[in-house]
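To start, the structure under review is shown below, and the notes come after it.
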Amino acid sequence: MCGIVGCVLKHKKAAPILLDCISKLEYRGYDSIGIATEDSKINIKKDKGKIIEVNTSLDLADMEGQSGIAHVRWATHGDPNKINSHPHTDENKTVAVVHNGIIENYLEIKEQLISEGHNFKSDTDTEVIPHLLEKFIKEGLDLEGAMKKTISIIQGAYAIAAICKNEPNKVIATRKDSPLIVGVGKDEYFVASDSPAILKYAKDIIYPERGEIVILEMNGVTIKDINGNIIEKEIETIDWTPEMAEKEGYDYFMLKEINEQDIAIRNTLTEKNNIKKIIDEVKCAINRIMFVACGTSYHASLTGKYLIESLAGIPTDVVLASEFKYSANTLNDKTLVIFISQSGETADTLKALDIANKTSKTLAIVNVAGSSATRRADYVIHTQAGPEIGVAATKTYVSQLTAIYLFAGLLSENDDLLTKLKKVPDYIKEMIKDPSNIITMSKKYKYADDFFYIGRGFSYPIALEGALKLKEITYVHGEGYAAGELKHGPLALIDEGIPVVVVLPPGENHKKTMSNLEEVKSRGADVISIGSMDDKPLIDKSDDIFLINSEIDDIIAPITYIVPLQLLSYYMAIERGCDPDKPKNLAKCVTVE
Ligand code: F1P
C-alpha cells in the first residue's frame, strides 16, 4: 500500500508534476499526501486527507526545485494525520524520504537512534530511514552510500525514494518486496510505485530488482547493484496510454472500468497462443493444479477449480495466499501452482510464489506487466485489462476469468467452451447498455443492513464475488453462500425484508437452486434474481430481477452474471454517498502481509 514517486526534471519545477503523478496513485492509499522538493534546502508540504480535500491548502506555487519526491499514504504504523504523513525527515532536514512497505525492525533501530540523541516526531516505522541516512551522511557518506548502508540495517518490505539538501537535483531510490519502476522520459526521469503515475511523462520503463540502487540525475538514470557496480538494465516500452488512467467523462473509475469489460475480455483473448504454448510445455508433466490468490483473484481461482476439475479431470485446489503455508508441503514437481493477482505485487501471493518456486512449476496470471509476480514465476499470462484504478477489481476480474477459461478450454481441448467464450464481450456490451433497472434496485435496497448472495456450482463464486463487491464499496454487510449450504446455518438469519440475491443461470443446477429460492422466500426474504430472459418460473418468484440473454448457460455465467452485481454495488455506493473508487480502509495493492 502507499504510493511513491520521485523525479528529476531538467527544464521544469518538480512540485506540480509530482502532484500530478502522485494523484494517479491514489488507488494505493488516500489517508494523506505529501511532497518534498530540493533547492539546496528541503521544502515539504503534506497533510491528512485525499488530494482533492487538501490540494488547495497545500499551495505548491512557492515550492522551488527541479527534483523531489511524493507520497500517498495507507496507514500501517501511526494514525493518518499530518505528522505521520510522508515525506519524513531527520531533525536537521538534511534528507527527506518517502516509503512504501513496512520496516519490521524499526522499534529496535528507533531505540538505538534515540539513545544516540535523535528526536523522533511521528509514530511511523518509516521515520527511522531519514535518521539513519542523516547519521551515515554525517559520518562522511554521500546519499547513495548512506542508502546502501541503511538497507543493510532495515528489515521488511520497502520501496524508498530520498533527496538530500547537499546533493542537488538527485533522487536515490531502492526496493525490496515493494514495487518500484523507473521511467525514462526526455530530459526527465522518474521512479514510481506503478506506471499510471508517469504514463504522461515517460513510456520507457526499467524494472529494478531487489537491492538495486536507482540514481536519478539531470543527465539520466544509473542503476547499481548492491556492490556499487553499474548494471545495464533492459528498457521496456509500455503501450498503455495516459488516457487509460483518466476517467474520460465517467463519474468514477469503477464505472468506466465496468464499461470497459468487453474490451478487456477481447484483449485478453489474444493471449490464446501464449496459453497454448504454456499448456504444451506443462500438460504431460503435471497431475495436480493449485491456485493461490487473495480477494477477487481468489474468486476467479475458484471458478478455475470448477472448470479444470469438471472439464480436464485434474485435481485442483484453491488456497488463500495468506493461508498457503499449511498446504505448501503437499507440493511436488508434478504440481502446477497458478498465482492470480491483478497487481502482481500482493505480498501474501508473492511470499507463496517464492515458496512454490522451490518445488513446483509456477504460473502467474497478472495484469501489471513487469510486476514482481511476472518476474518470479516460471510462466506468465498477462491479462490485457489495461490499468485498473478503482480499488474494487472489475475488469481485471473478468480478464482473469478469460485467461482461466482459455486455460481450461485448451487444457481439456473443449472447443465448445472456447466458442462460448468468444461471445462473452457481446453479451457484456448488451448487459451494460441500460442500467436503469439496477439503479431502481439500488434506490430500493440502499437502507438494507445485510445482503445474502446464493449460487450453486459455477454460480457459487459469483455469489462470493457479488458479496465482496458490496462489502468493499457500500460498507453494507454482504455474505455469499453456496445455495445448498443455506439450510446448514445461514437460513436462521433470513427474515422479513432481507434481500437475498439469487444467481440462477439456466443449467443442471437450476431446479435445486429454485428450491433454495423458495426456502428464503417463504421466510420473507426479498428475492433479487439474476437469470435468463426465458426463465418464467424465476421471473414469477422474484421481487426484482435482472434478465440476461438466454444463450448464457451456467458454465459461462461466472464471467457474465457478475456484471449486474458489480453495477448493483456501484449504484448502491453512489446512493449511500460512498466513493466507490476509494473505499475506506482498503487499497488496490496490498504490499504488506
Ligand atoms: C487482491 C485484492 C483485490 C481487491 C483489492 C485488494 O489483489 O484482494 O482483489 O479488489 O484491490 O486486493 P491482487 O492480488 O489481485 O492484486
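The values are calculated or read from the model by the stated rules, or taken from the named source; none is laboratory data. Given the structure is predicted, the values throughout are model-derived calculations rather than measurements. Backbone-built Cβ (ideal geometry, glycine too); neighbour counts: all protein chains shown.
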List every residue pair whose Cβ atoms sit under 6 Å apart, with the two residues 6 or more apart in sequence or on different chains, where the first one lies in the stretch 529-556 and is charged (D, E, K, R) and the second, anywhere, is part of a strand (DSSP E or B).
543/526; 543/527; 544/528
Look through the stretch 92-111, keep the residues that are touching a residue at least 40 places away in the same chain (Cβ under 8 Å) and either outside any strand (DSSP E or B) or over 24 Å from residue 210 (Cα atoms) (or both), and return whichever of them is nearest to the chain's Cα centre (by Cα).
104
Residue 345 vs. criteria in contact (Cβ under 8 Å) with a residue 12 or more places away in the chain, buried (at least 20 other Cβ atoms within 10 Å of the Cβ) and within 24 Å of residue 421 (Cα to Cα):
no
Scan the stretch 398-435 for residues that are within 16 Å of the ligand (Cβ to nearest atom) and not hydroxyl-bearing (Ser, Thr, Tyr) and report the count.
5
Within the stretch 311-362, considering residues that are among the β-branched types (Val, Ile, Thr) and part of a helix (DSSP H, G or I), the one nearest to the ligand (Cβ to nearest atom):
349
Return only the number of the condition from (1) within 16 Å of the ligand (Cβ to nearest atom); (2) crowded, with 21+ Cβ neighbours inside 10 Å; (3) not basic (Lys, Arg) that residue 538 does not satisfy.
(1)
Of everything in the stretch 364-397 that's buried (at least 24 other Cβ atoms within 10 Å of the Cβ) and either acidic (Asp, Glu) or away from the ligand (no atom under 13 Å from the Cβ) (or both), which residue is farthest from the chain's Cα centre (by Cα)?
381
Within the stretch 151-161, tally of residues that are surrounded by fewer than 24 Cβ atoms within 10 Å (Cβ to Cβ) and within 21 Å of residue 229 (Cβ to Cβ)
2
Inside the stretch 482-507, can you point out the residues that are part of a strand (DSSP E or B) and touching a residue at least 40 places away in the same chain (Cβ under 8 Å)?
499, 500, 501, 502, 503, 504
I'd like the full set of residues that are closer than 17 Å to residue 74 by Cα and without any contact (Cβ under 8 Å) to a residue 40 or more places away in the chain, limited to the stretch 112-129.
127
Selection status of residue 114, of a type outside the set (D, E, K, R), modelled with pLDDT of 95 or more and buried (at least 20 other Cβ atoms within 10 Å of the Cβ)
no
Could you please find all residues in the stretch 241-250 being in contact (Cβ under 8 Å) with a residue 12 or more places away in the chain and not polar (S, T, N, Q)?
242, 244, 245
Does residue 306 satisfy the condition of being assigned to a helix (DSSP H, G or I), within 12 Å of the ligand (Cβ to nearest atom) and aromatic (Phe, Trp, Tyr)?
no
Residues 283, 277: which one is out of contact with any helix residue (DSSP H, G or I) (no Cβ under 9 Å at 6 or more places or on another chain), more than 29 Å from residue 479 (Cβ to Cβ) and of a type in the set (D, E, K, R)?
277
If a residue must be surrounded by fewer than 20 Cβ atoms within 10 Å (Cβ to Cβ), in contact (Cβ under 8 Å) with a residue 40 or more places away in the chain and out of contact with any helix residue (DSSP H, G or I) (no Cβ under 6 Å at 6 or more places or on another chain), how many such residues does the stretch 191-214 contain?
2
